[in-house]
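Below: the structure, in structure tokens.
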Amino acid sequence: MEIKVYEGYDLEELIQKAKEELGDDIKILHYETVEEKKFFFFKGRKKYKLFVETVDDEELTEPVVKFEELLEKVEELIDRKIKTSLPKIAQNIASPENLPPHISLENGAGTAVFNEFTGDALHLLNQLVGKDVLPEVAKKLVKEGCGLDIDTNKWDLNTLTEKEALIKGIKRYIKFTGAFDKEDGKLKIFAFIGPTGVGKTTNLFKIASQLVIDKKKKVAVISTDTFKVGASHQARTYANILNIPFYSISESKKLRNTVEELKNFDFILIDTVGRSHYDYWRLGEIKEILSGLEEEINHVLTISCNYKNDDAFEVVHKYQTFFTIHSLFFTKIDETLKPGLLLNLPVETRLSVSYISTGQRVPEDLKVLTPEVTASYLLG
Ligand SMILES: Nc1nc2c(ncn2[C@@H]2O[C@H](COP(=O)(O)OP(=O)(O)OP(=O)(O)O)[C@@H](O)[C@H]2O)c(=O)[nH]1
Ligand SMILES: [Mg+2]
């Protein structure tokens, strides 16, 4: 690199001269103007000083790093980064700790963390999770049938069979109402509430049949489902077969009067219209019809076993904001292979359970829920 100075009266000419001598790629650093002194009558002229830097040949040739080379370097860096990070990512995915708790690898989708369990206890846990029992619920229940294994310092079953262990847990965490019955000779009222099509009407009549035929009780049925076309007809037909009184009522005052008239009966079963748990307005309507009888009515929340866990919890949650729930009445167990709800709902919500509907036949397809019956459905 070299700096040259050109002097003259025309700046354009100076630049031209520099280019001719040094080439087109000169670098103009700066220029100065110098005013020449006046001489008698002549005005002083403006003179220019141009400072130019010559550019080395090397600098003019190819850039130090070619674009392709730069690209290669970047690609190499990315490759290296992927190679070092991938094993870690892969490990993280496979590690049980990183999976949502209710997913089980054994079932092809991942595995829940049951580090503190071993042997049969672990086998039982995986079986339950495979039936959609939430891992936290499964752990709670299984631990009841476990003791600490001294060799491994982990929990293992201390019962003869897995079913026994599960029953122990179920007894500890789930309340069972037993068959609907009368205490102290007073009239008992049950209202079947729940989402659409879960089996409220069908199962109400299964209960009515058992009470009338097996227990020789005095039963009346009231339907507040005046909304659905044919609903009242379906219920009336069942009532006629059983030869029991049937009422179709849509006003709360009339309902209260009718209940008053039926004082000497053993049971009143109230059928309600199925409502989406998201339909607050319509749930409010049911509450309004039943109002004034809150204290006397046992609200039986009917829920289908083939509901997904999240949906079922949502149903319970929404219905609980309107009604005090007496018990969960499960239906359609015959329509699912994964009845985890049977444990998840009562354990997590602490609501009691009453019955389970096992099919469409009235009155046969109904069982009173007990710890043994519940365990059978989970373990086959
Ligand atoms: N597979 C099976 N079907 C059932 C069971 N319980 C009821 N059902 C059927 O489910 C359908 C709906 O039953 P309903 O008793 O009318 O249901 P609901 O809850 O009263 O319905 P809405 O009044 O419309 O809300 C009918 O076809 C029943 O036979 C069950 O345990 N298993
Ligand atoms: Mg119905």
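Taken together, the values in this text are just the output of simple stated rules run on the coordinates, not laboratory data. Remember, it's a predicted structure, so these values are computed and weren't measured experimentally. Please note: Cβ atoms are built from the backbone with ideal geometry, for glycine as well, and neighbour counts cover all protein chains shown.
Report the net charge of residues surrounding residue 260, where surrounding means a beta-carbon distance below 12 angstrom and charges are Lys +1, Arg +1, Asp -1, Glu -1.
Here the count lands on +2.
Residue 151 to residue 70: extension gain in nm, 0.36 nm per residue of separation minus the Cα-Cα distance?
23.2 nm
Take residue 337, project a point 7 Å from its Cα along the Cβ direction, then tell me which residues of region 132-152 have their backbone nitrogen under 16 Å from it.
Backbone N within reach: 132-133.
Once you place label points 7 Å from the Cα toward the Cβ at residue 350 and residue 30, how far apart are they in nm?
Result: 8.4 nm between the two label points.
What net charge is computed for the residues neighbouring residue 211, neighbours being all others with C-beta under 13 Å from the C-beta of residue 211, Lys and Arg scored +1, Asp and Glu -1? Don't jump to the answer; show the numbers that get you there.
Values: positive: 182, 188, 206, 215, 216, 217, 218; negative: 181, 214, 266.
Charge balance near residue 211 sits at +4.
Once you list every other residue whose beta carbon is under 11 Å from the beta carbon of residue 279, what net charge do they have if Lys and Arg are +1 and Asp and Glu are -1?
Around residue 279, the surrounding residues sum to +2.
Using only alpha-carbon positions, what ratio does the radius of gyration of region 188-379 give when scaled by 2.2 N^0.38 Å?
The value comes to 0.97.
Report Rg(Cα)/(2.2 N^0.38 Å) for region 139-209, keeping two decimals. Mind showing how you got there, number by number?
Details: Rg = 19.6 Å, N = 71, 2.2 N^0.38 = 11.1 Å.
Relative to the rule-of-thumb radius for its length, region 139-209 sits at 1.77.
Distance in nm between label sites at residue 282 and residue 250, each 7 Å beyond Cα in the beta-carbon direction?
The modelled label-to-label distance comes out at 1.4 nm.
List every residue whose amide H lies under 5 Å from the amide H of residue 247, counting only residues 5 or more places away in sequence or on a different chain, with H placed 1.01 Å from N in the peptide plane.
221, 222, 223
Stretch residue 172-residue 321 to full length: gain in nm at 0.36 nm per residue minus the Cα-Cα span?
51.0 nm
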